[in-house]
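Structure, as structure tokens:
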Amino acid sequence: MFVVHLVALAKAIGVHRNTIRNWVKSGRLPCRPGPGKGLVFTPEDFARLCQEFHLEPEALAPRQVGGGREAQPRPAARLGATASREDNMTGNVVGSVMVVGGGIAGIQAALDLADSGYYVHLVEAKAGIGGKMAQLDKTYPTNDCAM
Amino acid sequence: MNIELHTLSTVTGIQGHPGNFTVTLRQAPRYVDPDKCIACGLCAEKCPKKVPDDYNLGVGKRRAIYIYYSQTVPLKYAIDPEACLYFLKGKCKACEKFCPTGAINFADPGEELSLKVGALILAPGYRPFDPRVLAPYGYGRIPDVVTGLEYERLLSAGGPFQGHLIRPSDHQEPHKVAWIQCVGSRSQDGRGNPYCSTVCCMYAVKQALVTADHVPGAETVIFYMDLRAHNKEFERYYVNAQAKGVRFVRARPHSILPGPLSRGVVVEYVAEDGRTRQEDFDLAVLSVGLEAQDGALELATTVGVDLNPFRFVETTGFNPVATSRPGIYVCGAAESPKSIPRAVMDASAAAGEAARTLVMARGTLTREKTYPPERDVSKEEPRIGVFICSCGINIAGVIDVQELADYARTLPRVVLVENNLFTCSTDTQDLIAARIRELNLNRIVIAACTPRTHEALFQDTLREAGLNPYLVEMANIRNQGSWVHQHNPAYATRKAKDQVRMAVAKAALDYPLARAAVPVVQQALVVGGGVAGLTAALELAEQGYAVTLVEKGDKLGGNAWLLNRTWKGEEVRPFLTGLIAQVENHPKIQVLKQAELKSVSGSVGNFTGEISVAGESRRVSFGVAVLAIGGQEYKPEEYLYGEHPRVLTALELDALLREKPADLKAAGPVVFIQCVGSREPGRMYCSRTCCTHSVENAIRLKELDPEKPVYILYRDLRTYGLRENLSTKARELGVIFIPYTLENKPRVTESAGRLEVTVTDPILGLPVRLSPDYLVLASGIRPHDTSGLVELFKCGVNEDGFLTEAHPKLRPVDSTVDGVFLAGLCHYPKPLEEAVSQAKAAVTRAGIILAKSAMELDAIKSEVTAHCDGCGLCVDVCPYLALKLEDYQGDDGRRHRRVVSDKALCKGCGLCEATCPKEGITVHGFTLPQLEAQVEAVLEAL
């Protein structure tokens, strides 16, 4: 069982706390009122909630109560396992790539990625990119200018 | 705009998992605010401190405040805190005083950054070997001994001597130059690296040829062990160098002595006949090898990937861009020494691998480039701006650009003329855009290099400045001027004036053109079911595109069925069966066996093909095609092949090793002959894989029976890169290598059923007779008949029958036709890992097209005018089948015929316009009035 604070949940979803109260009353939120302003969820319901509203489980700071004897590590880790298979596939994948090295290989990789719809962080140790190829005069076998 | 540069930065940590890493970076302070710096160069002019320029490898000098090189990105100055007087002694700050924009900030603390990324690609590159440890070569002591990379700077127009070739000791032109190969490579004594660095042979040959251009009549000598010209068109380049007088001496010089008065050098070597010789040279170039970058070990430790014993990133033969840690990929020379095309290919492959794992999040963080609205120039008189490029000294070294600029000012409608050191540099783009706005320019002429490489850049600059991109004209005064007339500067200048006058005349008549867009069919066609084709199909499907795979046989897998192991020792079959199973079971892949592509129409983004499958015809639509039709082993006609049962090809030996190892174990001596059907007149290319293949099999034979005599008769042993370790191992196991030459090939005879091989040993100078039980011919790789595909797609093919790439260095997987990509042996002979890499790279390149829903076409297209009377002359000449005849009802109520042009098929070649006798069809951007204006302009000079 997880206990989530009413105000924290309202903030995370972005609605007024009374709205949350109404949802609980109407049964839209599958939970029961707990001690203080806590709301008690089953792990499955909590996972569904997070998925529905695209919430980071950790951000709600859920307290785990009861069932603690099942040798479960931390709630966040458990949630990661149950709730976020789907979540991992969509929300958690970052659409950017870091390319380390700004020589011809790094530049080509960066351009291909940027052209394919990914944001690129190109990291270069020197003050400018270009790498070794920029130091070459001509390239074989066509004797084209390397620049 | 979707690439963020972090310069002066190093990776300090990484956390998370594939798809979601958090990487921390340490960005060293630049001490110059990049937002304020305008790269005017005043700071560097005033900076009192000079230090050796690391870009020019210490050959020249730079200041403590510097830009890395003049075309670098970002073009912003930086202060080198290890050289700056303020940081060393606490005073100076001259740059701060003179900087007009107040960009200098000595208190810049640098930055720690934490970035969220889905994947990481490592491309830290290599460093050249430092030959100081090889004391007998005198590098660092003898002034006229330089490294290969330093020599590049000496030759370069952007180098410390502006491309005037001089030697360091007395700044005189060298007339006799020596290259010493394998410096720090193929070394067994621990002072260098044991592997081959792959690129040095070819760069030395190139430098020798370029030297002859700089100093006519120069004598050039290359001291080599094995000349490894193993990639596409390299062999012909090498043979051409021999024909042009570059002398190749097979020797590894043991020492270099200073010449008289410390000028020039004396090279001491043992010639092939075993005698010691001395030869004087003006300059010696050490062809230094490649080794892992300084930071490679730290980077690998930080991000947690495995390195091999040579400090290169460890990969497998089946996925040459994946590291030991999921989500982290590698490309470039950090994986092994490699040439530029291979680095570019691997880079595209690594990009594709990264993209595939992040496909869910594609497009979530990127933005589209936006341009200001286009200015309507139709009511304006032409106001032409002419930008003349010096191209360092590439142009200015021959053509008098000042005179050209003065001349251009006299031309009608020219409002502005400027001369730039590099017109293609970022700051000049900004300058052009600024001048367009300030002076209300509406036509631009760029007198520089070829539109083939640079027109797109200038078109983009115009768009950014609010002009239609087709209002730019280029005059190619470099390739057609300074390069071809370098010995006649006066003539070159006169010709450049003609070219600029023509361009100005045409520019005045340029008018805005709109680009049409065609929808992209987000499906792919892969032709060929070998490893390259299978890999390409699988990767495309994994990226979410439907794929049709066409295989002409009834079995997938191709040549890989005939192989036992990769050169790294991995079993090929499990990989192959796994790959085939994945392809055959993939819901997005349709495999057509016994199928052949019969016809293709359409163009990039929208092709239609007709495929005959076991006699039945099917139609498919596809946006891109990957051609991977493979190659085959050459069946020799020489050396008693087919006449004596114990003369085998390399693949036949593989089969024997697989099926009857006991026979081979019991057999007596085995002789390998290399270069069978390769590197000969008519087939002037190296098949690349055969040297490694023979050496591997020689090792296998020695492992079966250590006492078995094994001989490899070779011309140049081309176990390039880390494969060199195999040939070292073979030598250690007692395999005997005997070189032969093209003029003096081994002779194979049969007497009483036994084979006899006679070869001349170069050291003894006498024939050696061997009586092997098996003779293995390392026969080369032949392309399949590519003429059908060439006909269907109109793609390019070289004289050996291999399909040509769009650019040998920078676009190694794109074919000459847009939307058609190459992978595997049909492009050039290559080992398995490179075929895989090329297939993955082809998919990345194809993915760029497929990721779009619509594709912009070039606006240079044919258009039928009212003059067309439907004679149809142009229909016959159109090579792209873009023109068709149609019937229509005219205003007079009668039926007429006219031509219609398909914009998607038209390539704007202009044949129709040239053929039409009545101006019934025209090509935008090359209309008759524009061409007439150009012709009139050129005739003006007469």
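Scan the stretch B:366-387 and tell me whether some residue there is facing another protein chain (nearest Cβ under 10 Å), over 25 Å from B:Gly824 (Cα atoms) and either touching an Asp or Glu at 6+ places or on another chain (Cβ under 7 Å) or in a helix (DSSP H, G or I) (or both). Taking every residue of the stretch B:366-387 in turn, none turns out to be facing another protein chain (nearest Cβ under 10 Å), over 25 Å from B:Gly824 (Cα atoms) and either touching an Asp or Glu at 6+ places or on another chain (Cβ under 7 Å) or in a helix (DSSP H, G or I) (or both). Checking B:Glu805, B:Glu833, B:Glu799 one by one, the residue that is open to solvent by 20 Å² or more (accessible area, probe 1.4 Å) and touching a Pro at 6+ places or on another chain (Cβ under 7 Å) is B:Glu805 and no other. Only one of the numbered conditions (1) over 26 Å from A:Met133 (Cβ atoms); (2) open to solvent by less than 60 Å² (accessible area, probe 1.4 Å); (3) not acidic (Asp, Glu) is violated by B:Leu57, and that is (1). Restricting the stretch B:750-770 to residues that are of a type in the set (S, T, N, Q) and modelled with pLDDT under 95 leaves a set whose member that is nearest to the chain's Cα centre (by Cα) is B:Thr760. Just wondering, is there one or more residues in the stretch B:210-233 that are of a type in the set (Phe, Trp, Tyr), under 24 Å from A:Ala134 (Cβ atoms) and open to solvent by less than 20 Å² (accessible area, probe 1.4 Å)? Within the stretch B:210-233, none of the residues are of a type in the set (Phe, Trp, Tyr), under 24 Å from A:Ala134 (Cβ atoms) and open to solvent by less than 20 Å² (accessible area, probe 1.4 Å). Cβ-Cβ contacts under 7 Å between residues 6 or more apart (or on different chains), taken from a first residue in the stretch B:743-770 that is assigned to a loop (DSSP other than H, G, I, E, B) to a second residue that is buried (at least 16 other Cβ atoms within 10 Å of the Cβ), are listed as B:Asn744/B:Thr760; B:Pro746/B:Ile673; B:Pro746/B:Leu713; B:Pro746/B:Tyr740; B:Pro746/B:Val757; B:Pro746/B:Val759; B:Pro762/B:Pro739. For the stretch A:94-116, the candidate set comprises residues that are facing chain B (nearest Cβ under 7 Å) and part of a loop (DSSP other than H, G, I, E, B); within that set, the residue that is surrounded by the most Cβ atoms within 10 Å (Cβ to Cβ) is A:Gly101.
Scanning the stretch B:917-942 for residues that are in the same structural domain as B:Leu873 (by TED's automatic domain parsing) and farther than 12 Å from B:Glu863 by Cβ yields B:Pro917, B:Lys918. State which residue is surrounded by the fewest Cβ atoms within 10 Å (Cβ to Cβ) when the search covers only the stretch B:1-13 and only residues that are within 9 Å of chain A (Cβ to nearest Cβ) and part of a strand (DSSP E or B). If we take residues in the stretch B:1-13 being within 9 Å of chain A (Cβ to nearest Cβ) and part of a strand (DSSP E or B), then B:Glu4 is surrounded by the fewest Cβ atoms within 10 Å (Cβ to Cβ). Checking B:Pro258, B:Pro253 one by one, the residue that is in contact (Cβ under 8 Å) with a residue 12 or more places away in the chain, in contact with an Asp or Glu (Cβ under 9 Å, 6 or more places away or on another chain) and open to solvent by 10 Å² or more (accessible area, probe 1.4 Å) is B:Pro258 and no other. For the stretch B:19-31, filtered to residues that are part of a loop (DSSP other than H, G, I, E, B) and facing chain A (nearest Cβ under 9 Å), the residue that is surrounded by the most Cβ atoms within 10 Å (Cβ to Cβ) is B:Arg30.
Of the residues making up the stretch B:470-493, those that are buried (at least 19 other Cβ atoms within 10 Å of the Cβ) and free of Cβ contacts under 8 Å to residues at least 40 places away in the same chain are B:Val472, B:Glu473, B:Met474, B:Ala475, B:Asn476.
Yes/no per residue for (1) open to solvent by less than 50 Å² (accessible area, probe 1.4 Å); (2) among the polar types (S, T, N, Q); (3) assigned to a loop (DSSP other than H, G, I, E, B):
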{"site": "B:Thr72", "(1), (2), (3)": "yes, yes, yes"}
{"site": "B:Glu82", "(1), (2), (3)": "no, no, yes"}
{"site": "B:Lys91", "(1), (2), (3)": "no, no, yes"}
{"site": "B:Glu96", "(1), (2), (3)": "no, no, no"}
{"site": "B:Pro100", "(1), (2), (3)": "no, no, yes"}
{"site": "B:Asp108", "(1), (2), (3)": "yes, no, yes"}
{"site": "B:Glu112", "(1), (2), (3)": "no, no, no"}
{"site": "B:Leu120", "(1), (2), (3)": "yes, no, no"}
{"site": "B:Arg127", "(1), (2), (3)": "no, no, no"}
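Give the residues of the stretch B:271-293 that are open to solvent by 40 Å² or more (accessible area, probe 1.4 Å) and farther than 23 Å from B:Val145 by Cβ, sorted by residue number. Matches in the stretch B:271-293: B:Glu272, B:Asp273, B:Gly274, B:Arg275, B:Gln293.
Taking the stretch B:176-209 as the range and being more than 14 Å from chain A (Cβ to nearest Cβ), crowded, with 16+ Cβ neighbours inside 10 Å and assigned to a loop (DSSP other than H, G, I, E, B) as the test, the residues that pass are B:Gly184, B:Ser185, B:Arg186, B:Ser187, B:Gly192, B:Asn193, B:Pro194, B:Tyr195, B:Cys196. Scanning the stretch B:908-942 for residues that are charged (D, E, K, R) and touching a residue at least 60 places away in the same chain (Cβ under 8 Å) returns B:Glu936, B:Glu940.
For A:Glu58, the conditions (1) more than 14 Å from chain B (Cβ to nearest Cβ); (2) at pLDDT below 80 are fulfilled apart from (1). The residues listed here are B:Leu792, B:Leu777, B:Leu713; of these, the one that is part of a helix (DSSP H, G or I) and at negative phi is B:Leu792.
Any residue at all in the stretch B:398-407 that's closer than 30 Å to B:Tyr203 by Cα, in contact (Cβ under 8 Å) with a residue 40 or more places away in the chain, more than 7 Å from every other protein chain (Cβ to nearest Cβ) and over 23 Å from the mean Cα position of the chain (by Cα)? Yes, some residue in the stretch B:398-407 is closer than 30 Å to B:Tyr203 by Cα, in contact (Cβ under 8 Å) with a residue 40 or more places away in the chain, more than 7 Å from every other protein chain (Cβ to nearest Cβ) and over 23 Å from the mean Cα position of the chain (by Cα). Within the stretch B:32-39, one or more residues are more than 9 Å from chain A (Cβ to nearest Cβ), modelled with pLDDT of 85 or more, in a loop (DSSP other than H, G, I, E, B) and open to solvent by 50 Å² or more (accessible area, probe 1.4 Å). Report, ordered by the first and then the second residue, all pairs with beta carbons closer than 8 Å, sequence separation of six or more or different chains, a first member in the stretch B:681-697 that is β-branched (Val, Ile, Thr), and a second member that is part of a helix (DSSP H, G or I). As it stands, the answer is B:Thr692/B:Arg723; B:Thr692/B:Leu726; B:Val695/B:Arg723; B:Val695/B:Leu726; B:Val695/B:Ser727; B:Val695/B:Ala730, since those pairs meet every condition given.
B:Ala157 meets the conditions (1) more than 17 Å from B:Ala218 (Cα to Cα); (2) within 12 Å of chain A (Cβ to nearest Cβ); (3) hydrophobic (A, V, I, L, M, F, W, C); (4) open to solvent by less than 10 Å² (accessible area, probe 1.4 Å) in every case but one. The failed one is (4). Among the hydrophobic types (A, V, I, L, M, F, W, C), closer than 20 Å to B:Leu299 by Cβ and over 31 Å from the mean Cα position of the chain (by Cα): does that describe B:Ile38? When the stated conditions are applied, B:Ile38 does not pass them.
Restricting attention to the stretch B:828-860, and to residues there that are outside any helix (DSSP H, G or I) and under 23 Å from the mean Cα position of the chain (by Cα), which single residue is nearest to the other protein chains (Cβ to nearest Cβ)? Out of the qualifying residues, it is B:Tyr828.
Quick grid of which residues meet (1) within 19 Å of B:Ala835 (Cα to Cα); (2) among the small types (Gly, Ala, Ser); (3) touching a helix residue (DSSP H, G or I) at 6+ places or on another chain (Cβ under 9 Å):
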site	(1), (2), (3)
B:Asn744	no, no, no
B:Val748	no, no, no
B:Val757	no, no, no
B:Ile763	no, no, no
B:Pro772	no, no, no
B:Lys794	no, no, no
B:Arg811	yes, no, yes
B:Asp814	yes, no, yes
B:Val817	no, no, yes
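Please enumerate the residues belonging to the stretch A:117-128 that are surrounded by fewer than 22 Cβ atoms within 10 Å (Cβ to Cβ) and of a type in the set (A, V, I, L, M). Within the stretch A:117-128, A:Ala125 is the sole residue that qualifies.
The values are calculated or read from the model by the stated rules, or taken from the named source; none is laboratory data. In this text, all values refer to a predicted model and were calculated from it rather than measured experimentally. Heads up, the Cβs are rebuilt from the backbone with ideal geometry, glycines too, and the neighbour counts pull from every protein chain shown. For the accessible areas, the whole protein counts, side chains as well, though only heavy atoms, and no ligand, DNA or RNA atoms are used. Shrake-Rupley method; radii C 1.70, N 1.55, O 1.52, S 1.80 Å.
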